[in-house]
Amino acid sequence: MRRAFAAAAVLALSGVVPAAQTATPAVQPPAQAARRAAGPLPLTVDSIMRGPTLVGYPPSGLRWAGDGSRLFFEWRQPGDHEPSTWVVARDGSGLRRLDDEARRSAPPVQGVWDAARRRVLAVDQGDIVLIDSVAGTRREITRTTGAESNPRWARADTHVTFVRDNNLFVVPVDGGGAGLLVQLTDVAAHRPDPSPTDVQAWLKAEEQRLLDAVREAAERRARREEQRKKRALPKFTLAERQSIADARLSHDGRYAWLLVTERPARARTTEVPSYVTESAYKEDLPSRTKAGDVQGTRRLAILDLEKSTTAWAALEPSVAGADYAGPGAAARPTAPPAKDAAKPARGLQWAVPLESHDASLAVTVVTAADNKDRWIVAVDPATGSARVIDHLHDEAWVRPLPGFGGFGGGGAAGARGLGFVGHSTTLWFLSERDGWMHLYVVDAADPDATPSALTSGAWEVTRAALSLDASTFFLTTTEVHAGERQVFTMPATGGPRQRLTTAPGAHEVVVSPDGARLADIHSTSRRPPEVFLADARPGASLERVTTSPSDEWLTGRWVEPELVTFAARDGVRVPARLYTPEMVGARRARSRPAVVFVHGAGYLQNAHRYWSSYFREYMFHHLLASKGYVVLDVDYRGSAGYGRDWRTAIYRHMGGKDLDDIVDGARYLVEAHGVDRRRIGVYGGSYGGFITLMAMFTAPDVFAAGAALRPVTDWAHYSHGYTSDILNVPAIDPEAYRRSSPIYFAGGLKGALLICHGLVDVNVHAQDSIRLAQRLIELRKDNWELALYPVEDHGFERETSWADEYRRILELFETHLRPS
């Protein structure tokens, strides 16, 4: 891989723009124009841990007005409590922040556009609103004390549907004489009527036979009931703990698709205590269940609005494997963990379908509860029968489609992993069918059709979108380099791809409705994301719209980390970012210390050429390098961006191949960069904190010091959705949990260990670190410390907390990795 920069000099970022961009920004906001740097940025913990106050907040939420004349986006300025909406003309002129009133009439970040992509529906504080993005007008479709949700266009974009109190409603957009709000369904909880005793039933019947007045009253009541039934809405009855998560009217108006969720009956949710509160009393924050506990379900019901009948969407048992123990069963324990343990039923999770333009097809995604199978199916609304269009099986776990939830789904906000090509019955979708995420198409109307790949190779399509005329795909891919996100165009029928973006780094592109202009959130490894505009043609120069960092940050000498690969013990080449003292102008020592950084999330990529979400760590690594440390930031096995086999290499053993890559990275530093093997540290947060603990406990002779931040210490205590994909569930596969959880290996600690955790962490609970502390006490370990942060969640917010945490990390390394 190419080196990050020429050895001649380290350039300050101020005024430096990639060659493929122009450096002429639009008028900057007053808050930025007023900022002036007082001098070079001091490279200290207190200075760099100021976070967005220093680096700036990244813009987000690009969306064009329907006529393409203006671009809207969200952007937060230092000192603001939340992002504001900004607008700029398509030529880059007239950048301005919208005031609160104007913002109400701007197209929302999350909305449902009509077919012409002019009007957009959104939910605003529980009410449905309609924005005309060309006229700049706003209409309230509802204004109630109830909570409306899930707005959609219906009846050729002349009506709007939404959900309120579990029911589906429709209202015409243009009002008039027929502008009534109409309730389409009568969804109610089941309330069983008490059955009369034999004596009560006899007395009632006898009274009608004996007395004319009673008999006539009963007959009148029966006639009224018959009339009421004729006028009654189609009824759907919810069982206990069920609710309607979403509802959609079919294109032909005949059916209501109801996504029915059911809360688990016996699941226990952890409550996280908060000690620093407005009330001055301890308060509990609701969090989540633990891995393997009872989970909720999502089923799809189809209510016939003409016949008032209901069908449930279903896969044939032979297809779904209702009694199937799950793939990879041979790798699991052959005996149940307890003599009375029953084999769990294999549940299915459904989603609300997409319909073809002619309403002939309703397509949805079904996933097995164990996430080892995913089906794309066409559902017959009359019977609920589901026909399989595509089936993907993975003995580890299936990577879900963007927009359909699950671990590793990825995708930009609002992105979906499948859709119809225009008005045809051709379905496109993303899939790891060949081991890499690629684009496929299939005629969903043909039961014998098989999917065809439109892209292929040892790279991934991370996002796909169709042009408004459905003639062209816009693809964001890693084709150029695994560490870049470049945009290509390709005919909707397949064929040669044409590269649209050329500047190194990452591009998040939204094309104007006329297809002539691009809005691009672009970043490089040493420059944060900014909004750019460009013509929608290959090689067009980028015109910068925003400048997010402070002037002070721009005076810093920020380097582009070198992208390297090193050989793991099994021969695989592992990608990483490398920082050395020479890069930042420091002297190279003959024998020097090193730190290995472990990114969080597990399924995340950090060895790339664009701006990292770990920007504080990016600056901290400059600080370490300036003090003589070599820093390696590893994309270990399980990281994103390198295909299915890389992603699933940690199946049933977290702390296996991923940890091997970290240990082998330390060996690489010794062999290739003159690092003293006795002076290597390791640190990371969340999943990175977990790996740090596994490194300190199971490779104690490799790492002299480690800082585990908000770490998972016992995977049986983490969330079900993430953990069960990788380790199955503890009652079925306890060995996978035991060999993957640091708390079982705490006895191996030799080096110095720092543990930091926010007390109000509702993701990885502080209980994880507190339980580990008790284990270390019981093991009589004395070379560790625990720092708790009373007001911090999983991602710290306060500058003082960040500074305190990283001051402790720096002190740990300076104390234990420097020669005595």
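Figures for the structure shown
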read-out	value
Per residue accessible area in Å² of the range 406-542, where ligands, DNA and RNA are left out and the probe is 1.4 Å	35
From the coordinates shown, volume of the Cα convex hull per residue in Å³ corresponds to which of (1) 325; (2) 345; (3) 210	(3)
Accessible area of the range 669-718 belonging to carbon and sulfur atoms, whole % at 1.4 Å probe	44
Partner lysines for Lys627 [C-alpha distance under 29 Å; skip if fewer than 8 residues away on the same chain]	Lys750
Counted charge near Tyr687, where neighbours are those whose Cβ lies closer than 11 Å (Asp, Glu -1; Lys, Arg +1)	0
Sequence-separation-based contact order of the range 408-502, relative, with Cα cut under 8 Å and 6+ spacing, percent	17
The range 83-223: relative contact order in percent, alpha carbon pairs under 8 Å with at least 6 residues between	11
Over the range 671-820 - Rg/Rh using Cα atoms and the Kirkwood inverse-distance radius	0.98
log10 of Debye I(q)/I(0), alpha-carbon scatterers only, for the range 606-646 at 0.15, 0.17, 0.35 Å⁻¹	-0.45, -0.56, -1.19
Heavy-atom accessible area per residue - the range 573-724, 1.4 Å, Å²	25
Global geometry of the range 65-119, whether rounded, prolate or oblate, following the gyration tensor of its Cα atoms and the 1.5 cut on a/c	oblate
Over the chain, relative contact order from alpha-carbon pairs under 8 Å, at least 6 apart, %	11
Centre separation in Å (Cα based) which lies between the range 762-800 and the range 188-232	65
Order by protection proxy (mean Cβ within 10 Å, highest first), peptides 746-757, 491-502, 686-697	686-697, 746-757, 491-502
Whether the range 631-701 is rounded, prolate or oblate, judged on the alpha carbon gyration tensor where a/c under 1.5 counts as rounded	prolate
Tensor-based shape of the range 597-671 (alpha-carbon gyration tensor, a/c under 1.5 rounded, otherwise prolate or oblate)	oblate
Fraction of accessible area attributable to carbon and sulfur, the range 139-265 (%, probe 1.4 Å)	50
Under 30 Å from the Cα of Lys307 - lysines, other chains or at least 8 residues apart	Lys229, Lys230, Lys235
Accessible area per residue, Å², the range 91-220 with all protein chains present, probe 1.4 Å	60
Cut-off 12 Å between beta-carbons: net charge of the residues surrounding Glu74, Lys and Arg +1, Asp and Glu -1	+2
Over 13 Å [Cα-Cα, the range 572-627], rounded percent	65
Stokes-Einstein D in µm²/s, Kirkwood radius over Cα pairs - the range 464-515 at 20 °C with 1.002 mPa s viscosity	189
Cβ crowding within 10 Å averaged over residues, with 461-472, 642-653 ranked highest first	642-653, 461-472
Cα centroid separation, the range 73-146 to the range 656-718 (Å)	46
In Å, descending, principal axis extents of the Cα set of the range 423-559	62, 34, 20
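The values are calculated or read from the model by the stated rules, or taken from the named source; none is laboratory data. The shown structure was predicted, so the numbers you read here are calculated from the model rather than taken from an experiment. Neighbour counts run over all protein chains shown; Cβ positions are idealised from the backbone, glycine included. For accessibility, only protein heavy atoms count, side chains too; no ligands or nucleic acids. Shrake-Rupley method; radii C 1.70, N 1.55, O 1.52, S 1.80 Å.
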